Amino acid sequence: MEPHPAADPHPGTEFDRLFDRTGTGSIKWARAGAAPGGVIAMGLADMDLPGPPAVAEALAARAAHRAYGYTLCDPGGRDLVSRWYRERHGVAVDPDWVLLLPFSPRTALRLLLEAIAPAGPVLIPTPEWAGFGEICAAAGLPYQEIALSVEGDGYRLPAEEFARRRPGAVVLSNPHNPSGRVWTHTEIRALAEAAAEGGAATAGAGGAGPAGGVLLSDEVHGDLLHPDHGLRHPVAVVAAGDLARHTVTLNSVGKTFNTSGVPSCFALVPDPALRTRLTGLMAGFGLWEGGLLEQTVQRAALRYGGPWLDALLRHLVGARERLTGVLGSAVVSRPQSSYLLWLDAAELGLPAEGARAALLDRCGLELSEGTGFGPAGHGRLRLNYALPTPLLETVEARLRAL
């Protein structure tokens, strides 16, 4: 069903043209109340750039068949994910660890926490994507926020503080959302140790994970490392080394290839008992691995999307340099991945309270309010710069006029 796509001789050239999302039901633009020539939506974390042609071709080919019944989980899907990690990140991921899930990483995290049943508190860094705290609250799990430290040009993870709290689980975005910081292998290994040791200390209270403690690493921005930094993404199940069974990596083609409207993800779960508990829990909700559209999108993206992704990353580096050059000291932590800038409102001459509304009123740029990333986000804003070149030029002009 899936055709071999024709090679794009000039991947990325579409990023230099306006890309109209009118009529597509975009949450990002609807939330901003945007109109052509007026407000520019830079809040929600999806891209205003056309995705890989291979994905569009695969969806069109599958839709043309006109039978959309129950589908098996693709038997080659696990090997495809494993190959992606080998070729893209230079690491070995056992295909047996891979679960192909027909829902978002957020849903996967909720189910994983229920499958683990952590005995100790769930620890979350701050600032951090607020969804982690919301998921823990919905699951009835106590959680604590650990403040990140800023050293030099970016955030650092205070691993010793995580260890001191004896966690039942640690949850974080890797790379960091909202700043785009790439955590180091040493930091991720230290968090795996904190989870393993904390879980072991509290296992008698009924924890269901391996010795009671697991590091849950949300790596949906992990394929978006900026090539000019020369960094490697620390895939948690690999960085953990001999503690791999105390880690889970969650990833998706959604952020990487701008396909988040077709919810899917894959989980790397080294512990076989946890895999069994998770799939059993899913079955109780009528959920199984696979999914018709999900697998169509994922196969096309992972098989054929590499050249498009390389072009995207070059575009994002150029966009980063364009806007950081204007924003200067307002950038709290210099991004090394993804398409996000974490900004100090005061450095932009904006009030700490209501910074988003003030910026929107002054120059028509809609960003995310920092308080959506926990108390440490007070007085901060998050900017999404995954925009085509003509919009970036307009944004730059508006920022210079602030």
Restricted to region 326-369 and to residues being within 21 Å of Tyr155 (Cβ to Cβ) and free of Cβ contacts under 8 Å to residues at least 24 places away in the same chain, the residue most open to solvent (accessible area, probe 1.4 Å) is Glu347
Being in a helix (DSSP H, G or I) and either out of contact with any Pro (no Cβ under 9 Å at 6 or more places or on another chain) or open to solvent by less than 10 Å² (accessible area, probe 1.4 Å) (or both): is that true of Glu294 here?
no
Tell me which helices (runs of 4 or more DSSP H) are completely within region 22-130 and hold 3 or more residues being over 30 Å from Glu396 (Cβ atoms) and open to solvent by 10 Å² or more (accessible area, probe 1.4 Å), or say none if there are none.
53-63, 77-84, 105-116
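Mind listing just one residue for me: the one in region 350-380 that is part of a loop (DSSP other than H, G, I, E, B) and touching a strand residue (DSSP E or B) at 6+ places or on another chain (Cβ under 6 Å) and, of those, modelled with the lowest pLDDT? Give the derivation first.
Residues of region 350-380 part of a loop (DSSP other than H, G, I, E, B): 350-354, 364, 367, 374, 378-379.
Adding the requirement that they be touching a strand residue (DSSP E or B) at 6+ places or on another chain (Cβ under 6 Å) leaves 367, 374.
On the way: Leu367: 97, Gly374: 93.
In this case the residue turns out to be Gly374.
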I need the full set of residues from region 20-74 which are out of contact with any Leu (no Cβ under 8 Å at 6 or more places or on another chain) and of a type in the set (Lys, Arg), in order please.
Arg21, Arg66
Spot the failing condition for Gly306; the list is (1) surrounded by 22 or more Cβ atoms within 10 Å (Cβ to Cβ); (2) in contact with an Asp or Glu (Cβ under 9 Å, 6 or more places away or on another chain), and only one is missed.
(1)
All but one of (1) out of contact with any Phe, Trp or Tyr (no Cβ under 6 Å at 6 or more places or on another chain); (2) of a type in the set (Gly, Ala, Ser); (3) in contact (Cβ under 8 Å) with a residue 60 or more places away in the chain hold for Ala54; state the number of the condition that does not hold.
(1)
Hits in region 212-245 (condition: modelled with pLDDT of 95 or more and touching a Gly at 6+ places or on another chain (Cβ under 6 Å)):
His233
Pairs only if they're at least six apart or on different chains, beta carbon under 8 angstrom, first in region 68-95 and of a type in the set (Asp, Glu), second open to solvent by less than 30 Å² (accessible area, probe 1.4 Å); list them, first residue then second.
Asp74/Leu80; Asp74/Leu100; Asp74/Gly290; Asp74/Gln295; Glu87/Gly306; Asp94/Ser82; Asp94/Pro270
Inter-residue pairs, beta-carbon under 8 Å, first under 12 Å from Leu99 (Cα atoms) and modelled with pLDDT of 95 or more and in region 254-278, second open to solvent by less than 50 Å² (accessible area, probe 1.4 Å) and among the acidic types (Asp, Glu), 6+ apart
Ser264/Glu294
Of Glu347, Glu294, Glu321, which residue is under 14 Å from Leu100 (Cα atoms) and modelled with pLDDT of 95 or more?
Glu294
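Filter region 303-344 down to the residues that are touching a strand residue (DSSP E or B) at 6+ places or on another chain (Cβ under 8 Å) and of a type in the set (Val, Ile, Thr) and list them by number. Before you say what the answer is, go through the steps one by one.
From region 303-344, those touching a strand residue (DSSP E or B) at 6+ places or on another chain (Cβ under 8 Å) are 313, 320, 323-324, 327, 329-337, 339-344; that's our starting set.
Hits for region 303-344 are Thr324, Val331, Val332.
The values are calculated or read from the model by the stated rules, or taken from the named source; none is laboratory data. This is a predicted model, so every value here is computed, not measured. Note that we place each Cβ from the backbone using ideal geometry, even for glycine, and neighbour counts take in every protein chain shown. All accessible areas refer to the heavy atoms of the entire protein, side chains included, with ligands and DNA or RNA removed. Shrake-Rupley method; radii C 1.70, N 1.55, O 1.52, S 1.80 Å.
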